[in-house]
């Protein structure tokens, strides 16, 4: 980073800075644990003759144990793209207007989680629904190990509640699909034949609101062999939208290859629910009781609003530990 001209290439520079932050996110708490153990040794020695110091030992021990658990979880984030930023796409699925509202609720949940973590958040695409909520949204979360933490969110998220859009007050089940892929640098080569990609150019559609520049020219790319579709309309420049769309497409194809590699590494995955579109990974209940439960890990929280306000780290950590056990 001290080299002359380091900041001339912004993308490369940001990548290096991101790597440094990833290293420090492990090294700093590791150093704190080492220092904490030394302090604990001293407390044990002095606590023999000082009851007040001895009383501090349980709290100090709990603090060290908590940091060790966090380090153990972070050590699971060692896949090739775990340190990358995450591109998240949310699509409303079955459930009518409730599903559109549910998709926007999930968008808000991830926004608040990113804010809690101190991560950067950039919207790539935003498609509002005419009545309420959104049809879809795509955004990038940039921060230490962002993709590593969020990759387990891919799949179907199911909401059960009394519908605010039903005049009879009936219970409604709604579904939204979340897809998470790693943001990759332009320097990373992905084998995409130009003839396999169809490009469609259009004006930005939908109400857009505050999230979309209405003068932008939208780009949609379709990778024909895998039927992978990406869409970007957030930039004023069609050229920038095209560049972002290609980055999103490369990320999607890398994710597809990553899943194939994971399946090839372990035959046990044949008996597990696929982590991706088409699988119901988490249930959110507002009726008849309040709770959120992950169908893969069994981890649950009894406070629905706490989770929707961005407190999802417990689910992310539980997924990482679950994956470790299935790999054993």
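The rows are residues; the columns are (1) at pLDDT 85 or above; (2) under 22 Å from residue 317 (Cβ atoms); (3) touching a strand residue (DSSP E or B) at 6+ places or on another chain (Cβ under 7 Å); (4) not in a helix (DSSP H, G or I).
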| site | (1), (2), (3), (4) |
| --- | --- |
| 12 | no, no, no, no |
| 18 | no, yes, no, no |
| 31 | yes, yes, no, no |
| 36 | yes, yes, no, no |
| 41 | yes, no, no, no |
| 62 | yes, yes, no, no |
| 71 | no, yes, no, no |
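Table: residues versus (1) surrounded by 13 or more Cβ atoms within 10 Å (Cβ to Cβ); (2) closer than 30 Å to residue 144 by Cα.
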residue	(1), (2)
27	no, yes
40	yes, yes
47	yes, no
50	no, no
66	no, yes
72	yes, yes
76	yes, yes
* For residue 69: the one exception among (1) farther than 30 Å from residue 22 by Cα; (2) not assigned by TED's automatic domain parsing to the domain that holds residue 175 -> (1)
* **Members of region 138-155 that are assigned to a strand (DSSP E or B), in contact (Cβ under 8 Å) with a residue 60 or more places away in the chain and at negative phi** => 138, 142
* Asked: From the set of residues in region 83-109 that are in a helix (DSSP H, G or I) and touching a helix residue (DSSP H, G or I) at 6+ places or on another chain (Cβ under 8 Å), which is surrounded by the fewest Cβ atoms within 10 Å (Cβ to Cβ)?
  -> 108
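The rows are residues; the columns are (1) farther than 29 Å from residue 20 by Cβ; (2) at pLDDT below 85; (3) in contact with a helix residue (DSSP H, G or I) (Cβ under 9 Å, 6 or more places away or on another chain).
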| site | (1), (2), (3) |
| --- | --- |
| 133 | yes, no, yes |
| 137 | yes, no, yes |
| 140 | no, no, yes |
| 151 | no, no, yes |
| 160 | yes, no, no |
| 173 | yes, no, yes |
| 201 | yes, yes, yes |
* Asked: Out of the residues in region 156-185 that are buried (at least 18 other Cβ atoms within 10 Å of the Cβ) and outside any strand (DSSP E or B), which is farthest from the chain's Cα centre (by Cα)?
  -> 163
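The values are calculated or read from the model by the stated rules, or taken from the named source; none is laboratory data. In this text, all values refer to a predicted model and were calculated from it rather than measured experimentally. Backbone-built Cβ (ideal geometry, glycine too); neighbour counts: all protein chains shown.
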